[in-house]
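Heads up: the structure comes next, in structure tokens.
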Amino acid sequence: MKVLVTGATGCLGRNLCQRLAAEGCQVTGLGRNRRAGEALEQMGARFLPIDLEQAKQMTGAMLGHETVFHCAALSSQWAAAQLFERANVLGTANVLAAAKKAQVRRVVFVSSTSVYFDFTSKRNIQESDPLPSSPVNAYAASKRKGEELVLKAANEGLDAVILRPRGIFGPWDSALAPRLARVARRGIVPMPDGGKAMVDVTCVANVVEALLCAASAAGVSGRIYNISNGVPISVEKLLRSALDSMGMQASLRPVPLKAALFVAGLVEGASHLMGGWEPPVTTYSLGLLGYDQTLDITAAKRDLGWAPRQSLEDGLATFGQWWKEHHGQS
């Protein structure tokens, strides 16, 4: 099977390419990180340094491929709205247009559970639940627009599926773990509302498995599926477990959620007035730690024939080993 992966040098894309290459697939990975691209080639994948804005080059790269996994995205808690628009909306539009021209059999689009978030606690969220009237931030808005483009393309005849994974972690994580490590090195990790919130996270291996299932399942075009490990965990336990797996020590300090959000909001306001520098903590990142957000993954199990295979404990152990090998112990 010939497959193409956008965002192949990111955490999810890299793990997906490794799995596909190990199973004997012909893999083409797109990305901008040439050094990571060299590592992909050592795994057995072909790497092309193509940006999502390079529409013509993307069409050529897709020719002859059966499946496209669109994992690429600008995923950040702080960036200009136009950057999210270019990467996550225009980039997705270019992927879909190229897939049509190249006559790809199926596109699997990786979205985000940020589309659900609105600074309230929600448990067992289903894909059919109403989304907030306004996206929580520019990132969520861009992912929501990306989903709309995919659904429109599916209505027009392109075979396309959407996955919404929650809190991906694992080897090559360049987002969640580095942020936690930066805070932990200061000695204190704040826990909004004492870390009581219940959240879902997902081992990257389980997201990879979901992607493969979504690529082969019948009758799922135009549908959206939640993906998580399916075992909610408190923020306090998650932070303690993550730090332990990384070999890091820090004091977990409870902070009042509303007060923390107020201060973070003031800092964000100052940032906007003084050039847009990234605050150390944002209201969004605090909200993710302060409010419940768990997913109902029944539909993915039923329609995709998927289920989480790697437990949270095993996933943390795998991640922790990788982290220590690449970043040492602190």
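The values are calculated or read from the model by the stated rules, or taken from the named source; none is laboratory data. Since the model is a prediction, treat every value here as computed from it, not as a measurement. In this analysis, Cβ positions are derived from the backbone assuming ideal geometry, glycine residues included, and neighbour counts consider all displayed protein chains.
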Worksheet item: Phe319: surrounded by fewer than 15 Cβ atoms within 10 Å (Cβ to Cβ) and out of contact with any Pro (no Cβ under 6 Å at 6 or more places or on another chain), yes or no?
Response: no
Worksheet entry | Matching residues, region 1-19, being within 18 Å of Ser111 (Cβ to Cβ), in contact with a strand residue (DSSP E or B) (Cβ under 7 Å, 6 or more places away or on another chain) and surrounded by fewer than 24 Cβ atoms within 10 Å (Cβ to Cβ) | Cys11
Item to complete: Answer yes if at least one residue in region 52-60 is buried (at least 23 other Cβ atoms within 10 Å of the Cβ), in contact (Cβ under 8 Å) with a residue 40 or more places away in the chain, under 30 Å from Asp200 (Cα atoms) and under 18 Å from the mean Cα position of the chain (by Cα), and no otherwise.
Response: yes
Practice prompt. Give Ala22, Ala39, Ala73, Ala81 a once-over and let me know the one that is surrounded by fewer than 24 Cβ atoms within 10 Å (Cβ to Cβ), of a type in the set (A, V, I, L, M, F, W, C), touching a residue at least 60 places away in the same chain (Cβ under 8 Å) and out of contact with any Ser or Thr (no Cβ under 7 Å at 6 or more places or on another chain).
Written response: Ala81
Practice prompt. State which residue is nearest to Gly269 (Cα to Cα) when the search covers only region 65-94 and only residues that are part of a helix (DSSP H, G or I) and touching a helix residue (DSSP H, G or I) at 6+ places or on another chain (Cβ under 7 Å).
Written response: Ala81
Worksheet entry | Answer residue from region 292-330, given it is part of a loop (DSSP other than H, G, I, E, B) and more than 19 Å from the chain's Cα centre (by Cα) and is modelled with the lowest pLDDT among those | Ser330
Worksheet entry | Single residue of Ser228, Ser234 found to be surrounded by fewer than 22 Cβ atoms within 10 Å (Cβ to Cβ), touching a strand residue (DSSP E or B) at 6+ places or on another chain (Cβ under 9 Å) and hydroxyl-bearing (Ser, Thr, Tyr) | Ser234
Item to complete: Could you tell me which residue of region 115-152 is surrounded by the most Cβ atoms within 10 Å (Cβ to Cβ), considering only residues that are in a loop (DSSP other than H, G, I, E, B), among the charged types (D, E, K, R) and free of Cβ contacts under 8 Å to residues at least 60 places away in the same chain?
Response: Asp118
Worksheet, complete the sentence: Taking region 9-61 and keeping residues under 20 Å from Val95 (Cα atoms), touching a helix residue (DSSP H, G or I) at 6+ places or on another chain (Cβ under 7 Å) and in a loop (DSSP other than H, G, I, E, B) leaves Thr9, Gly31, Ala45, Pro49, Ile50, Leu52, Glu53
Worksheet entry | Among the candidates Ala250, Ala175, residue that is under 28 Å from Leu131 (Cβ atoms) and modelled with pLDDT under 95 | Ala175
